[in-house]
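Only one structure is covered here, and it is reproduced in the block below.
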Amino acid sequence: MRDDDLVVLGGSASPILTKAICEILDIPVGEGEVLQFSDGNLFVKVGQNVRGRHVYLVQSTVFPANDHFMELLFWIDALKRASAASVTVLIPYFSYAKGDKKDEPRVSIRARVCAQSIEAAGADRVVTLDLHAPQIQGFFGLPVDDLYGMPVLTDAIAAEKLDDLVIVSPDAGFAKKAKMYAKRLGAPLAIADKERVDHTENARVADLIGEVDGRNAVIVDDFTITAGTLAEVADTLIDKGARSVRAAVTHGVFTDKAMQRLEASAIETLWCTDTVENRPVELSPRVSVVSVAPLFSEAIRRIHERESLSVLFT
C-alpha cells in the first residue's frame, strides 16, 4: 500500500486502538498534541506536516463524551487548516447516536446536531461501527460507512464451540441485527420483550419470545452502559430454563457499578470490542475484549486504495 500520503492520527479517546490500526497498516502513528487548560478549554495541535496528505482521524466520543466530541471537531478543523487533502473521521463509538429522534416534546435530536457539527468542521467522510440507529447516516451530507462488529463477535462466540446455541435479542428493536448473528452462527433466535419507562438507563423484561429451555444462550446487543438490561434478560433466560448465559456487545461502555451488576448476574462471559478504552471502571474477569483494529485498518486501506467497502458488510 502507498503510505507516502497516508496519515492515521488518534485523538485522546482512542490511542490504543489507533496504535493497533497503525501496526496492522505498518505505518507510524500520526503526531499530535492535546492540552486541557484549567478552565476546561481544549487545545489540539497537529505535530507533523499533513499538507496534501489523506488523514484518518480515530476518536471515540465517550468518557467524557462532550470533551472528546469537541476535541474531535477541533482535530478536524486543525487538519483542514493544515491543508490536509482529506480528513476521514473514524468514530469507533458514537455516543450521541442514542439521540436519533424527537420522541417526546421539546427535546433535541442530538445525533443530528453532532452530525451537522462534524460536517461543518470540515470532515470529508465518516466511518463508524454499529450506530445505535442506522438512519443517523442520513443526518450527514457526506459519505458514512457504518461497519458491523458482528463478524469479530461471532468469531469469538464460535470459538467457544457451544452446542444447542440460541441467540437472544434484548428487545424487538435489535431483533433484525440479532437475526444476522443467529444466521451466521446457525442458531435459532429468541427475543426479549423489554420496556423502558424513563431516562434512568433501567429497563424491565416483560416476556420472552422463543425457546431457550436447555440451551446455551448468548444475548447480543450494540452497546451496554450499566449492564442492567443484560443482567435482567440473563435472569429471565435462567428462569425459562437456559443451560447457560453469555453476552456479546459491540460497545462495552460500562459506567459505575456495571461490573458489580455483571458479577452478580448469570452471565458467564461478556464479549465486547475495543471501541471504548478509557472507562472509569476496571473490567471484570468475565469481560473478554476482542479488537476491531483489523476491521478499521481494512476499511482505511480500501478507502485509501479507492476500493469498495462492500466486502466488509457481507
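Would you pull out the residues with amide H under 5 Å of G149's amide H, same chain only if 5 or more places away, H placed 1.01 Å from N?
Result for G149 returns D130.
For a quick check: with amide H placed at 1.01 Å from N, whose amide H comes under 5 Å from F94's, ignoring anything fewer than 5 positions away on the same chain?
Hits under the 5 Å cutoff: L129.
When only Cα pairs under 8 Å and 6 or more residues apart are kept, what is the percent relative contact order across the chain?
The normalised contact order for the chain reaches 14 percent.
May I ask for the angle, rounded to the nearest 10°, between helix 228-239 and the longest principal axis of the chain, with both axes built from Cα atoms and the value confined to 0 to 90°?
20 degrees
Per residue, how much accessible area does region 266-307 show when a 1.4 Å probe rolls over the protein heavy atoms, in square angstrom?
42 Å²
Using only Cα atoms, tell me the angle between helix 110-121 and the longest principal axis of the chain; keep it within 0 to 90° and round to the nearest 10.
For helix 110-121, the angle is close to 20 degrees.
In whole Å, what is the distance between the alpha-carbon centres of region 148-192 and region 16-57?
36 Å
Check D274: other-chain or 5+ apart residues with amide H under 5 Å from its amide H, H built from backbone geometry?
The list, which skips near neighbours in sequence, is V290, V292.
So if the hydrodynamic radius of region 36-149 is defined as the Kirkwood radius over C-alpha pairs, what does Stokes-Einstein give as its diffusion coefficient at 25 °C and 0.890 mPa s, in µm² per second?
So the translational diffusion coefficient is about 167 µm²/s.
Under the rule of -39500 (n - 2.57) per DSSP H run of 4 or more residues, summed and divided by the residues of the chain, what mean residue ellipticity at 222 nm is obtained, to the nearest 500 deg cm²/dmol?
For the chain, the value works out to -8500 deg cm²/dmol.
Carbon-plus-sulfur fraction of the accessible area of the chain, 1.4 Å probe, in percent?
Answer for the chain: carbon and sulfur cover 49 percent of the accessible area.
Mind giving me the FRET efficiency for A158 and D39? R0 is 35 Å, r the Cβ-Cβ distance, nearest 0.05 is fine.
0.10
Could you count how many Lys pairs in region 87-185 have their Cα atoms under 20 Å apart, skipping same-chain pairs fewer than 8 positions apart?
6
Report, ordered by chain and residue number, the lysines lying within cross-link reach of K45, taken as a straight Cα distance under 16 Å and ignoring same-chain residues fewer than 8 apart.
K80
Could you calculate the contour length gain from K101 to Q260, that is, 0.36 nm times the residue separation minus the distance between their Cα atoms, to one decimal place in nm?
Going from the current span to full extension adds 54.1 nm.
Just the accessible area per residue of region 4-133, please: how many Å² with a 1.4 Å probe?
About 45 Å² of surface per residue is accessible.
The values are calculated or read from the model by the stated rules, or taken from the named source; none is laboratory data. Bear in mind that the values here come from a model prediction, so they are computed numbers and not experimental data. Because the Cβ atoms are built from the backbone with ideal geometry, glycine has one as well, and the counts that use them run over all protein chains shown. Calculation scope for accessible area: heavy atoms of the full protein, side chains included, ligands and nucleic acids excluded. Shrake-Rupley method; radii C 1.70, N 1.55, O 1.52, S 1.80 Å.
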